[in-house]
Every structure is written in C-alpha cells, then in structure tokens.
Amino acid sequence: MADEKCTSVTEAEDNAIRLSRRQFSKWLVGGIGAFMASAVGVPIVGTIFSAALGKREAAEITLGKLEDYPIGEPTVAQFTVMQTDGWQRTIASRSVWVVRNSDSDVTVFNGHCTHLGCAYNWKDDGDHAEHFVCPCHNGIFTKDGSVTSGPPPRPLDTLSVQIKDGHVVISYEDFRSGIPEKTPV
Ligand code: FES
C-alpha cells in the first residue's frame, strides 16, 4: 500500500510532456520558457538536464535571491528540468529544500526521500516538529539531513550550491534511492 503512494508521487512529479524533435526546435526559437511555465505551472528557473551516453549531467539552476531564504527555516523551491534521452525530450517538475544556516552558509537537499523517492516535507509543529518527514514510510530526518528513524538507508542527498551575485545557484541531479551510497542516476 505504502509503495502505491510512492508511485503516485513519482507519477505526479514526472507528469511529463513528451515532445517530438520538431516541436522541441520550434520551442527553442519561439520562447521555450513561457510555454513551459504555462504547461507545468511552476516557476522556470533552469531547464537543461541532458543525458549523453546514458549519463546525465547536473543542471545549473538559480533558485533566487539568498536574502529571500530565511535563516534557520527550511524552504522548498520548485522548478522544471528538461531531460534529453536520444530523440525524446521530457519536461518534469522537481523540488529541493533550501536550508540557510547563516548569512552565507546554505545547504540544499534534493527533494526526493532517499528510501524510495517520495516527496518529503518540513514540519514546524506537532509530532516530529523541526524535522523533515516523509509520509510514505515515516522516514524522519533532522534539519541537517541525518536519518533519525524509518527505513531511509542514507541521509538526504545534498546538492552542490554556490552563492553568485547574491543568488543561490545549485547543480541539480538525482540519485538512486534505496541504497546506502549516494549514487547519481
Ligand atoms: S520513500 Fe519510504 S520513507 Fe520516504
């Protein structure tokens, strides 16, 4: 039953738009950003996520101004990525959690739980307050990403992050779920 929940999250997140090569070229010329914004309904802050020889490359994505992320309060950021796989282009929504630890120190976690890839949330109050909670199998993580209980086999996956001209810039990539090692997909 719990696995069904996971599947539905993945399906929703990968509610992808498959494009022909011709359509894709048209978009590049005609203003791809505006079209994707209306199609997927989340802010466009980065797109390209390529697959070459079966190996995906991280996508550099700007998550907005550092000052917009409150210190000590994990904040979710959503965006779209475009995956290329031979002829096929897929647009999918992704999310990350941004934890600003101080004026200039920021940690960013991939939005997938490391158990089976469900989306997790930050809890401010109630049970497991001040923790990340994954509803699929009750995986619990601290603010720094460590597992405190549940089946996740490793901490939340951190992403490479830089501050450029006052903006938070990440290298987005996905990792295999369900294994102890942090391994790019
Ligand atoms: S997917 Fe199972 S605990 Fe998160």
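Values in this text are rule-based calculations from the coordinates and carry no lab data. Predicted model, so just to flag it, every value in this text is computed and none were measured. In this analysis, Cβ positions are derived from the backbone assuming ideal geometry, glycine residues included, and neighbour counts consider all displayed protein chains.
Quick look at the values:
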quantity	calculated
Residues of segment 124-134 satisfying the condition of being free of Cβ contacts under 8 Å to residues at least 24 places away in the same chain, within 14 Å of the ligand (Cβ to nearest atom) and within 16 Å of VAL76 (Cα to Cα)	HIS131, VAL133, CYS134
Failed item in (1) within 15 Å of the ligand (Cβ to nearest atom); (2) surrounded by 18 or more Cβ atoms within 10 Å (Cβ to Cβ); (3) of a type in the set (S, T, N, Q), with GLN83 passing the rest	(1)
Failed criterion for ILE140 (all others in (1) touching a Ser or Thr at 6+ places or on another chain (Cβ under 8 Å); (2) of a type in the set (Val, Ile, Thr); (3) under 22 Å from GLU67 (Cα atoms) hold)	(3)
Residue ID - nearest to the ligand (Cβ to nearest atom), chosen from residues in segment 135-163 that are in contact (Cβ under 8 Å) with a residue 24 or more places away in the chain and under 23 Å from GLU60 (Cβ atoms)	LEU156
Odd one out for VAL98, checked against (1) within 16 Å of the ligand (Cβ to nearest atom); (2) buried (at least 20 other Cβ atoms within 10 Å of the Cβ); (3) not aromatic (Phe, Trp, Tyr)	(1)
Segment 164-185: number of residues that are more than 16 Å from the ligand (Cβ to nearest atom) and farther than 20 Å from THR62 by Cα	3
2 or more residues of a type outside the set (A, V, I, L, M) and more than 18 Å from ILE170 (Cβ to Cβ): qualifying strands (runs of 3 or more DSSP E) within segment 51-128	75-85, 88-100, 121-123
